[in-house]
Amino acid sequence: MFERRESDRRPVRGGWRLVVIGLGLAAAGIFAAGGCMERLFYYPQREPTPPPVGFPGAERLDFTSADGTPLVGWFLPATGADPHTPAPAVLHAHGNAGNMTGHLWFTEALPERGFHLVLFDYRGYGESGGSARRRADLIADTHAALDAVLADARVDRTRVGLYAQSLGGAIGLNVMRDRPEIRAGVVVAAFTSWREIAADALGGSFLARGAARVLIRDSARPVDAIRHIDRPLLIVHGTEDDIVPVAHGRRLAAAAPDARFHPLEGGGHNDFRSSHPEVDELVAGFFREHLSAAAPAR
C-alpha cells in the first residue's frame, strides 16, 4: 500500500478554470461544436490510486459500467464497524478535475462518524478505463458504482446516501432521480444546467448565453432531475463560490420537492471545509437523520 502524499488531503483545484479557457476558445471558433464541447467539462488525471492510509480496512473496488468499461473505487469502512452487521453507506460522486484521490478531502470525516464511504473514478479518471467524453457515460458509471455499493454485504441496502459535489452534483442528481435506493442526498456546489454554467463561465452576458446555447448540449439538466426527487436533499453552497455561483444552489433547492438549502457564508467552491469546519457534522448529521434505522423509507 502506498502512503498518501500530503497534497492528497487537499481539495483538487483548477478544473473549472480550464473550462473557462476552453469555452472562451470555443466561442472564438477555434474548436468545432459537438463532442469536443462536451469534453471541455472534464479534466481527469491519470495516476495510480491506491487505497488511502489512515482508514483501517480501506480496500480497492473493481467493477464495470454497463458497457463493460472497467472502473476503480475505494471502500472505506465505518470506523469500528462490525463486518457482520450491515451499516449505512454514502456514495461520493466527485467533481470534474483530477481523480478521487484529490476529492476524498470533502468526505473523509464520514467513516469516523459511522458511515461506510465509497468513492470511485468515472471512466478516464485515475485507474478507471475508457475516456470521459459524454455525461451519459458518467451517469452510467455512477449507476454502476451504486450497484457495487448495494451488492456489498457490509452495506445496509436500505440506508444508502449520496454525496454529490460540483460536476458530481449534476451527475448524481440524474442518478438519484432514477434510483429510489438512494434514501437521501447531499449536493455541494452544483450547477442547475450545463448551458447555464457555461454561460456563467463566459461572463454571463447576453452574448455569452447565446454562445452557450449554440455550443453546449443541455440534456440531463440537474434542475430538471431534482424536480422528480421526493427524498430528502441537503443543498450546500458557498456564498463566495466564484466557479459555480451560489444562485445555482438556491435554484436547485427551490426546484426540489424536499430540499433544505444551507449557504456557507464566505465559502468558496473547494475551500469551504477550511473556512467552515462545522460542515462535516452538518453533513453527517443529515445522513444520520435520514439513514437511521428508524427513518421511514420513501
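None of the figures in this text is laboratory data; all of them are computed from the coordinates on show. What you see is a predicted model; the values in this text were computed from it and never measured. Methodologically, a virtual Cβ is constructed for each residue, glycine included, from the backbone with ideal geometry; neighbour enumeration extends over all protein chains shown.
Here is how the numbers come out for the structure above:
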quantity	calculated
With Cα atoms, 0 to 90° folded angle of helix 279-290 axis to the chain main axis	60 degrees
Value of relative contact order over the stretch 7-290, rounded to a whole percent, pairs C-alpha under 8 Å and six or more apart	17 percent
Cβ-placed point charges (K, R +1; D, E -1), dipole of the chain about Cα centre in debye, nearest 20	780 debye
Extended-chain gain in nm, criterion 0.36 nm per residue less alpha-carbon gap, Val53 and Asp156	34.6 nm
Ser65, Ser166 arranged by Cβ crowding within 10 Å, fewest neighbours leading	Ser65, Ser166
R0 of 25 Å, Cβ-Cβ distance Arg217-Ser275: FRET efficiency to nearest 0.05	0.10
Residue exposure sequence - Met176, Met100 - by fewest surrounding Cβ within 10 Å	Met100, Met176
Vicinal HN-Hα couplings computed from phi for the stretch 229-243 (Karplus, 6.51 cos²θ - 1.76 cosθ + 1.60; Hz; Gly/Pro x)	9, 9, 8, x, 10, 10, 9, 10, 8, x, 6, 10, 5, 9, 9
Order of Asp82, Asp147 under a 10 Å beta carbon neighbour criterion, fewest first	Asp82, Asp147
Bridge type composition, the chain - antiparallel percent by DSSP, nearest 5	25 percent
Farthest positive-ward along the stretch 164-282 dipole, Cα basis, beta-carbon charges - from Leu234, Phe261, Ala208	Ala208
Radius ratio Rg over Rh of the chain, counting only Cα atoms, Kirkwood formula for Rh	0.95
Amide H within-cut-off set for Gly238, under 5 Å, with H built and near neighbours excluded	Ala189, Leu264
